[in-house]
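Beneath this line is the structure, given in structure tokens, with notes to follow.
All of the numbers you see were taken from the coordinates with simple rules; none came from a lab. Bear in mind that the values here come from a model prediction, so they are computed numbers and not experimental data. Glycine also receives a Cβ, built like all others from the backbone with ideal geometry; neighbour counts cover every protein chain displayed.
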Amino acid sequence: MKDLAIETDNLTKKFGKVIAVNDLNLKVPTGIIYGYLGPNGAGKTTTIKMLVDSLFPTSGRIQLFGQEVKKNKTRVFRNIGYVPEHPVYFREYSGEKLLRYVGKIFNFSKNEIQTRISKILNLVNLVEARHRAIGKYSAGMKQRIGIAQALMNDPDLLILDEITSNLDPLGRSHIIDLLKQLKKEGKTIFVSTHILPEVQKMNADHIGILNKGRLFAEGTINHLQKLFGENMIKIRPKDDRIRKALESKDFIQDIVDDEKYLIVKTSDREATWNFLSRFSLENHMPIIDFIGSGMEIEDIFMKVLENNSAKEVAKA
Ligand SMILES: Nc1ncnc2c1ncn2[C@@H]1O[C@H](COP(=O)(O)OP(=O)(O)O)[C@@H](O)[C@H]1O
Ligand SMILES: [Mg+2]
């Protein structure tokens, strides 16, 4: 088995009553692009902030490259590059000056800094803009200088929060090409987004779908397609009593609504069926449909999205 770049055990973050991240067990093998996918508010940024130690977990554990972050901070973080969701750079700094500044933080020699800067500016295609103020960069250039600063320490793991979200199609495709290139160089890339086609364009090797702080599904695209085929079940009638009864079962991992169906993610199809049959008899409520969802990831993700936005509207 491949080593893991990121592993979390029951990672949880609460903000008062809001559980932003809920018992998260992430496993990210080294050398891959991992697409961390979820609608706005799902808990992606909160997860990432805990990974990079800018937010304390309420509970749970984080290991990066097999080392507990809490105990090995300096060593672990020398090996990580991070681009936040809303980076703030000195607007008047030129791209090159920013990189030199970061190089100094890492205590590299002047020569070393210059060598790294030349290589990285080339890679992110900012050689010509190197002396221009970052404040005058386009959105795409800003994201590329963000990646450049994250690469100064030549990290094995890059953590990128919504790196493509505010870019036009050309800007996006530049970033996506860059990520693929970095993967070829052996880096592990953990990238969050709320846009499904993005992880597909990146050829993400693994994806994790986050819904309300919980990992709704995780694995390779193939694995997920299989999982959604077999362990996602559509149930009719879409009835609140059925939903409530199912919610309390430990083999039910998640429930989302369709127009007509309750779509249930279960770890045990048979137990689900047995339970529902009994429930149906006891409550005189015939189960009209109990079918494998046969859904593609796109469909499932759309349902997760719709469910979340319905919740948002209800709150507003
Ligand atoms: N500092 C905070 N204080 C209170 N609630 C927060 C804070 N940060 C995030 N949240 C809440 O946690 C949830 C997850 O947010 P976030 O991690 O930003 O999601 P995402 O990045 O997936 O859009 C949301 O409900 C958000 O409102
Ligand atoms: Mg976010």
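Between Arg269 and Ser173, the contour length at 0.36 nm per residue exceeds the Cα-Cα span by 30.5 nm.
Estimated from the Cβ-Cβ distance and a Förster radius of 30 angstrom, the FRET efficiency linking Phe279 and Met302 is about 0.60. Peptides 182-188, 138-144, 108-114 ranked from most to least packed by the mean count of surrounding Cβ atoms within 10 Å: 138-144, 182-188, 108-114. Angle of helix 221-231 to the longest C-alpha principal axis of the chain, folded into 0 to 90 degrees and rounded to 10: 20°.
Treating the range 4-219 as a set of equal point scatterers at the Cα positions, no solvent, please give the Debye-formula log₁₀ I(q)/I(0) at q = 0.14 Å⁻¹. With one equal scatterer per Cα and no solvent, log10 I(q)/I(0) is -0.84. Under 5 Å from the amide H of Arg214 lie the amide H atoms of Asn22, each residue being 5 or more positions distant or on a separate chain, with H modelled from the backbone and absent for Pro and chain starts. In whole Å, what is the distance between the alpha-carbon centres of the range 131-176 and the range 32-67? The range 131-176 and the range 32-67 have Cα centres separated by 20 Å. In this simple spin-label approximation, Asp3 and Asn166 carry label points 7 Å from Cα along the Cα→Cβ vector, and these lie 3.6 nm apart. Here the relative contact order of the chain, from alpha carbon pairs under 8 Å that lie six or more residues apart, stands at 20 percent. For the peptides 208-217, 190-199, the ranking by packing is 208-217, 190-199, with the highest mean count of neighbouring Cβ atoms within 10 Å listed first.
Once the Cα atoms are used to define both axes, helix 139-151 deviates from the longest principal axis of the chain by about 80 degrees.
Pairwise alpha-carbon distances in the range 119-209 exceed 15 Å for 57% of all pairs. Candidates Ile175, Ile159, Asn222 compared by Cα position along the dipole of the range 156-222: farthest toward the positive end lies Asn222, with charges placed on Cβ. For the chain, the share of DSSP beta bridges that are antiparallel, to the nearest 5, is 65%.
Remark: spin-label model distance Val127-Asp239 equals 6.9 nm, labels positioned 7 Å along the Cα→Cβ axis. About its Cα centre, the dipole of the chain is roughly 1240 debye, where the only charges are +1 on Lys and Arg Cβ and -1 on Asp and Glu Cβ. 3J(HN,Hα) along the range 27-41, derived from phi through the Karplus expression 6.51 cos²θ - 1.76 cosθ + 1.60 where θ = phi - 60°, amounts to 9, 10, x, 6, x, 10, 9, 10, x, 9, 10, x, x, 4, x Hz, with x in place of Gly and Pro. Each part reduced to its alpha carbon centroid, the range 192-253 and the range 1-21 end up 17 Å apart. Most tightly packed first, judged by the mean number of other beta-carbon atoms within 10 Å of their residues, the peptides 9-20, 233-244, 255-266 read 255-266, 233-244, 9-20. Inter-label distance, Glu259 to Ser59: 4.2 nm, where each label sits 7 Å from its Cα along the C-beta direction.
Cross-link pairs exceeding 22 Å in C-alpha to C-alpha distance, out of Lys104/Lys183; Lys13/Lys142; Lys244/Lys303, comprise Lys104/Lys183; Lys13/Lys142.
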